[in-house]
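Working notes for the structure below.
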Amino acid sequence: MDTLLQVLLDGILNGMLYALVAVGLCLIWGVMDVINFAHGEYVMISMYVTYWLGFLANVDPLVSMFAGGLFIFILGALTYQLIIKYTVGKPPLSALLATFGLAMLLKNLCLNWFTPNYRILSDTWLGDRTFQLGAIIVPVPQLVTAVLALVMIGLVFFMVRRTRFGWAVQATAMDKEAAELMGINTERIYLLVFGIGGATVGIAGGIMPTYLAVHPEVGTMFSLIAFICVAMGGFGSIPGALVAALLVGVVEALAGYYIAPVFKYVAVFGLYLALVLLRPKGIFGW
Amino acid sequence: MRFWIVAAVAVTLMLGAAPGQSLAQSQEKVIKIGTIFPLTGPVALAGQRCKAAVETAVEIINNKHPNIKVPLANQAGLLGGYKIVLVHADSQGKPDVGKAEAERLINQEGVWALIGAYNSSVSGPASLVAERAKKIFMCGASSAASLTQRKEMKYFFRTASTDEIESQEFVEVLEWLNKTQKNANIKTLGIIYENSVFGKNAAQQAMKAAAGKFQVVADVPFNPGATNLDSEIQTLKGKNPDALFGAVLGADYALMVKTMKKMNWVPKVSLNYCSGYQDPVIAKQLGPDANYFMGSTAYSPEFQSMMPAVAEVEKIFKSKTGGVPYDSDSIQETIAMLVLAQAIEKSKSLDPTVVAETLHANTWPSPLSLSGKVAFVPGGQNKYALSLITQLQGGKYKKIFPVEKADTKPVFPIPPWDKR
């Protein structure tokens, strides 16, 4: 029983991290119908921001993650302004290919600037702390990440549902031309959505160097899992992305322990395939 | 308008001069060697170091270095003036890309020989391309034993140790610990390995070596580049083997150690193949958490008293890696290049078949190898490949086995995380 609870806890905590990475992608996808292939590279760059702030200025990731968020907000806004803007109204493939090119560019720039060296931030506030809850080991950095994910997802959800800006975002997502007729500056909405989507993934990446090595390839798998979470949850549905991410985390942990570790991603992708076949619009899709 | 006509004529004249230049270049005495390493992708760090290692060897071969005590350092070039020119290719760690790059290097770049490819999964298909084209393939660091079990291969040569040799060595270490350490009682074994040619071969050889001696209770493959290794370490913790063999590379190795710490579990002894454990950068980055793990090591800076020739060569290598010293894998690429150059010089020929026969027929002095020499058996394995078992203690690779080469005693069992 203890083992099952431990496996479930690990799955939930990993799922919350996936949710935090996925929510930005979900927002961008939901509002703009743009698949941002550079999402994993945003995670990686934010990890570098936090790492270098920690290494050079001794700033802890708990503080510097906000700098990571701000950096990726700016990067996201620039991505829109310099690339995505020119693909709006064009076939969806052009935005997809453009962000794929951006992903390659960012990854190789980091490879060039920072070398492929693995970088681990030591002596962080959260460090490798754990505490026991009966026989269950609770890792503090992952727990803090989960709480942060809940807060961030809550904030994004509140912003979209309860603020005037959020209503404008929803209106733009539903019908761009009608929103423009109502006086909404859709260009500005797109710019901010790309920025906010970037900021959330920037904060996720910002806290990750507490327990993960930083290197140019680190974002690849996170990016893939984020796509699955968003597609499973329903395109553009923030609660859907959260539920799907938790499902992915738990299925990964259960299959990894009770079937075979090498089977964990097979189970995740199998679940994704089954869900897409049974409900192509995702759990909360409409 | 007149300006544009003058400019066009000038450009045409400049372009016209180019073929003359390239003709002059082609008349230079050069031997083109193609390198295939994972310069990008999950193991790019190791690949870039291997590339720097080959470049280091070429710098020694092409120029006079009287202060360096390795063969050919005292002369400039080969065969009375031939220089080696490297053409680099990136396999990304992918077998299909590596194979395509091997074909490109041979068919389009016209390289005389290939060197690479770090990943066993790439060395396999890439060396088959070379074999078909009757080109020599020098393999430094790929460890899958199966690569040199292809006895029909005439142009394939590997300088490093194999996972078969290392597995036998690991089992000997366990037996030695059982004999010499109080209450060691090592009976069960767990194996964690990446789900690749390298990892699967290592696991297969580990099981073969352990058969009848230790009971394998946990067989844990994992996907390289995973977001977490929770299930993997939880499985090991559940089975709680006395000893662990790990074929885990790069960032995955760091994640494995961190996850063990998170789950508050360590085996009594952990022995690791290849460049996760052997990577001095990872060891430094992990800090005290890296301590007490063991592995096979063909070179680390702590070995310099046994291999004095390395120091001067390593200065050149470090200038290419931003100060990072050789590790067990990268030094093998320098050795492979130097041995190939010696064979060219000795055979006095640029016929690949003649040079391959010369490689097989001789024993080559190799001051950068632990054994000091290299000789190849049918299939291309270096029969003098040697590595020592080290344990990280205080961030240093301490030699612990074989006993006659040891400089310290092992810390056994690995202390629990909360008692360090």
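Return the only residue of B:Lys182, B:Lys237 being among the basic types (Lys, Arg) and either over 22 Å from B:Tyr277 (Cα atoms) or part of a loop (DSSP other than H, G, I, E, B) (or both).
Exactly one residue qualifies, and that residue is B:Lys182.
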What are the residue pairs meeting all of these: first residue in segment B:61-83, first residue within 11 Å of B:Gln342 (Cα to Cα), second residue acidic (Asp, Glu), Cβ atoms under 8 Å, and 6 or more apart or on different chains? B:Leu72/B:Glu345; B:Leu78/B:Glu345; B:Leu79/B:Glu345
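Per-residue answers, yes or no, for (1) of a type in the set (D, E, K, R); (2) over 14 Å from the mean Cα position of the chain (by Cα); (3) surrounded by fewer than 19 Cβ atoms within 10 Å (Cβ to Cβ); (4) under 24 Å from A:Gly202 (Cα atoms):
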position	(1), (2), (3), (4)
A:Ala226	no, no, no, yes
A:Leu242	no, no, no, yes
A:Leu247	no, yes, no, yes
A:Tyr257	no, yes, no, no
A:Ala260	no, yes, yes, no
A:Val266	no, yes, yes, no
A:Leu277	no, yes, yes, no
A:Lys281	yes, yes, yes, no
Does B:Glu109 meet the test of being in a loop (DSSP other than H, G, I, E, B) and of a type in the set (Asp, Glu)? yes
Of all residues in segment B:280-329, which are more than 14 Å from chain A (Cβ to nearest Cβ) and part of a loop (DSSP other than H, G, I, E, B)? B:Tyr292, B:Phe293, B:Ala298, B:Tyr299, B:Ser300, B:Gln304, B:Ser305, B:Met306, B:Met307, B:Pro308, B:Ala309, B:Tyr326
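Scan segment B:15-23 and tell me whether some residue there is at pLDDT 95 or above and over 30 Å from B:Ala100 (Cα atoms).
no
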Consider only pairs whose beta carbons are under 7 Å apart and that are at least six residues apart or on different chains; among these, list those whose first residue lies in segment B:215-239 and is more than 7 Å from chain A (Cβ to nearest Cβ) and of a type in the set (Lys, Arg) and whose second residue is surrounded by fewer than 21 Cβ atoms within 10 Å (Cβ to Cβ) and assigned to a loop (DSSP other than H, G, I, E, B). B:Lys237/B:Met263; B:Lys237/B:Trp265
What do you reckon, is B:Phe245 buried (at least 24 other Cβ atoms within 10 Å of the Cβ), more than 9 Å from every other protein chain (Cβ to nearest Cβ) and among the hydrophobic types (A, V, I, L, M, F, W, C)? yes
How about segment B:370-418: which strands (runs of 3 or more DSSP E) wholly inside it have at least 3 residues that are aliphatic (A, V, I, L, M), modelled with pLDDT of 95 or more and touching a strand residue (DSSP E or B) at 6+ places or on another chain (Cβ under 6 Å)? none
Consider only pairs whose beta carbons are under 7 Å apart and that are at least six residues apart or on different chains; among these, list those whose first residue lies in segment A:108-135 and is aliphatic (A, V, I, L, M) and whose second residue is in a loop (DSSP other than H, G, I, E, B) and surrounded by 13 or more Cβ atoms within 10 Å (Cβ to Cβ). A:Leu111/A:Pro216; A:Leu111/B:Thr40; A:Ile120/A:Ala213
When (1) of a type in the set (A, V, I, L, M, F, W, C); (2) more than 30 Å from A:Pro116 (Cβ to Cβ); (3) surrounded by fewer than 22 Cβ atoms within 10 Å (Cβ to Cβ) are applied to B:Met306, the one that fails is (2)
Boolean, A:Gly54 is buried (at least 24 other Cβ atoms within 10 Å of the Cβ) and part of a helix (DSSP H, G or I): no
Suppose the filter is more than 24 Å from A:Met16 (Cβ to Cβ), in contact (Cβ under 8 Å) with a residue 60 or more places away in the chain and in contact with a Pro (Cβ under 7 Å, 6 or more places away or on another chain); does B:Ala247 pass it? no
Residue by residue through segment B:72-94, note down the ones that are modelled with pLDDT under 95 and under 22 Å from the mean Cα position of the chain (by Cα). B:Gln92, B:Gly93, B:Lys94
All but one of (1) of a type in the set (S, T, N, Q); (2) touching a helix residue (DSSP H, G or I) at 6+ places or on another chain (Cβ under 7 Å); (3) within 20 Å of B:Val122 (Cβ to Cβ); (4) surrounded by fewer than 22 Cβ atoms within 10 Å (Cβ to Cβ) hold for B:Gln108; which doesn't? (2)
Scan A:Val156, A:Val201 and give me the residue that is over 19 Å from A:Gln81 (Cα atoms), touching a residue at least 12 places away in the same chain (Cβ under 8 Å), aliphatic (A, V, I, L, M) and buried (at least 16 other Cβ atoms within 10 Å of the Cβ). A:Val156
Could you please let me know if A:Leu9 is surrounded by fewer than 24 Cβ atoms within 10 Å (Cβ to Cβ), out of contact with any Cys (no Cβ under 6 Å at 6 or more places or on another chain), at pLDDT 95 or above and within 14 Å of chain B (Cβ to nearest Cβ)? yes
Suppose the filter is among the aliphatic types (A, V, I, L, M), in contact (Cβ under 8 Å) with a residue 24 or more places away in the chain, within 14 Å of chain A (Cβ to nearest Cβ) and on the phi < 0 side of the Ramachandran plot; does B:Leu39 pass it? yes
Can you say whether B:Gly98 is more than 18 Å from B:Val30 (Cβ to Cβ), crowded, with 20+ Cβ neighbours inside 10 Å and without any contact (Cβ under 8 Å) to a residue 60 or more places away in the chain, as far as the supplied structure shows? no
Filter pass, B:Ile191 being crowded, with 22+ Cβ neighbours inside 10 Å, in a helix (DSSP H, G or I) and in contact (Cβ under 8 Å) with a residue 12 or more places away in the chain: no
Just checking, which of B:Ser167, B:Ser231 is surrounded by 23 or more Cβ atoms within 10 Å (Cβ to Cβ) and closer than 14 Å to B:Trp265 by Cβ? B:Ser231
Yes or no: segment A:98-108 includes at least one residue that is away from chain B (no Cβ under 14 Å) and in contact with a Phe, Trp or Tyr (Cβ under 6 Å, 6 or more places away or on another chain). yes
Given (1) in contact with a Leu (Cβ under 6 Å, 6 or more places away or on another chain); (2) under 24 Å from B:Val43 (Cα atoms), number of the condition B:Asp163 does not satisfy: (1)
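Here is a yes/no grid of residues against (1) touching a Cys at 6+ places or on another chain (Cβ under 8 Å); (2) farther than 27 Å from B:Arg49 by Cα:
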{"site": "B:Ala160", "(1), (2)": "yes, no"}
{"site": "B:Glu164", "(1), (2)": "no, no"}
{"site": "B:Glu169", "(1), (2)": "no, no"}
{"site": "B:Trp176", "(1), (2)": "no, yes"}
{"site": "B:Asn183", "(1), (2)": "no, yes"}
B:Pro288 surrounded by fewer than 24 Cβ atoms within 10 Å (Cβ to Cβ) and more than 26 Å from B:Pro38 (Cα to Cα): yes
I'm trying to understand the selection: among the residues of segment A:119-153, which are within 30 Å of B:Gly93 (Cα to Cα) and surrounded by 18 or more Cβ atoms within 10 Å (Cβ to Cβ)? A:Arg119, A:Ile120, A:Leu121
Looking at this structure, is A:Pro116 buried (at least 20 other Cβ atoms within 10 Å of the Cβ) and either of a type in the set (S, T, N, Q) or closer than 21 Å to B:Gln234 by Cα (or both)? no
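The values are calculated or read from the model by the stated rules, or taken from the named source; none is laboratory data. Small disclaimer: the values here were computed from a predicted structure and weren't measured. Because the Cβ atoms are built from the backbone with ideal geometry, glycine has one as well, and the counts that use them run over all protein chains shown.
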